[in-house]
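The values are calculated or read from the model by the stated rules, or taken from the named source; none is laboratory data. In this text, all values refer to a predicted model and were calculated from it rather than measured experimentally. Ideal geometry is used to build each Cβ from the backbone, glycine not excepted, and the neighbour counts take in all protein chains shown.
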Amino acid sequence: MTTSAHDSPTDAPPHSTTQRRVLTVLVASQILSGAGLAAGITVGALLAQDMLGSTDLAGLPTALFTAGSALAAVGVGRVSHSRGRRPGLAAGYLTGAVGSAGVVAAAAVGSAVLLFTALFVYGAGTATNLQARYAGADLAAPARRARAVSTVLVATTLGGVVGPTLAAPAGVLADALGIPTLAGPFLLSGAAYGLAALVLLVRLRPDPLLLARRLEAERHAADAATTAQVPGSGRGPGLVLGALTMIVAQLVMVAVMTMTPVHMHDHGHGTVASGLVIGIHVGAMYLPSPVTGWLVDRYGRRTVAVAAGLTLLAAGLTAAAAPAHSVALLALALALLGLGWNFGLVSGTAMITDALPPATRAKAQGMADVSVAVAGATGGLASGVVVSAGSFPVLALASGILALAILPAVAATAAGR
């Protein structure tokens, strides 16, 4: 397989009709799961702060469900590797739904231990939401791989933007049911994850990964018959850089995102304002995906990875300089944060998928997402400590500077080509 000047291999798209069907099903499930993903982001930290009466551990919920997503990434990856994307993704979403129910129960009985356990399980939904992007790339031609990934990601936008705006109505529903207000969005989350699992179980046929493996085996057999050689199935270049790009983007994004609602709450903003800011952030995480996918396929994976580092730096600087009373500037900072994450995720995913053959793809992708989830857990846990010891601007500035680590990594791999 050869690569173009833009680091994008060019093959004819296999089974394009099947690929379009797969993308349609994935889009439907991602719209649903996006709402589930956004619910915990919006109120998780506030719920912990309310139950514990301390800001020091406000970042713990994000750390827990991102740590849970690390374990789930392994599980989803292994199930997908052995049985296909359909059972792997469906199992992940069902686990996320169980976690959502556990959070509601924990809030109802006032148990912090149950809350933290349930948040860990809830993380499976986050991991599955991200793993679905790989399913979109399984049957895509290499030259259109980033655009396939971006199609799946952008589908999360509708649910991800609407989810936080439903935080207040969900709280009203929780009140009516005798459940603490902040647990309301997790009612929405559980229902959304359950429906996403149902859509995948019923409609994701044929399984894209299993079909990709069959096509690859047929291609290898044809090559062996004509050249007496089977193409290598080892890892290609870009695996490490792709993983590193996603890891740094995730750590920076989660750290700043986690403490933004707490920062706004401490300065007099209500749930509606913080929900609006997080909704804009989640929209920026996913809505630009079609353009990002085109940029990655057109200008190369490394170029967009550099843009990720610079955009995340701009986000950190904007968040650090924004007055606490300015919802508009905080929204701008969180929009830049989401955009930088999007650049990092799409370019990193394309690099990793380019480097892996279908036979080993799912398991290795799951392990890469474990590292991403651990980075997110680290960012979420450290964010509360940094803000408690310093301030939100200190956290934002430090996170933005950390994002620049992507640049020397890109330079090093480019020099080694």
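Per-structure values
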{"item": "Listing of helices (runs of 4 or more DSSP H) fully contained in segment 135-204 that carry 3 or more residues being among the β-branched types (Val, Ile, Thr), surrounded by 20 or more Cβ atoms within 10 Å (Cβ to Cβ) and at pLDDT 85 or above", "result": "145-165"}
{"item": "Any hit, segment 396-417, residues being closer than 24 Å to Arg85 by Cα and basic (Lys, Arg)", "result": "no"}
{"item": "Filter result for Arg214 (under 21 Å from Lys363 (Cα atoms), out of contact with any helix residue (DSSP H, G or I) (no Cβ under 8 Å at 6 or more places or on another chain) and either in a helix (DSSP H, G or I) or at pLDDT 85 or above (or both))", "result": "yes"}
{"item": "Hey, Ala382 of a type in the set (Gly, Ala, Ser), assigned to a helix (DSSP H, G or I) and touching a helix residue (DSSP H, G or I) at 6+ places or on another chain (Cβ under 6 Å) or not", "result": "no"}
{"item": "Check on Thr353, assigned to a helix (DSSP H, G or I) and touching a helix residue (DSSP H, G or I) at 6+ places or on another chain (Cβ under 7 Å)", "result": "yes"}
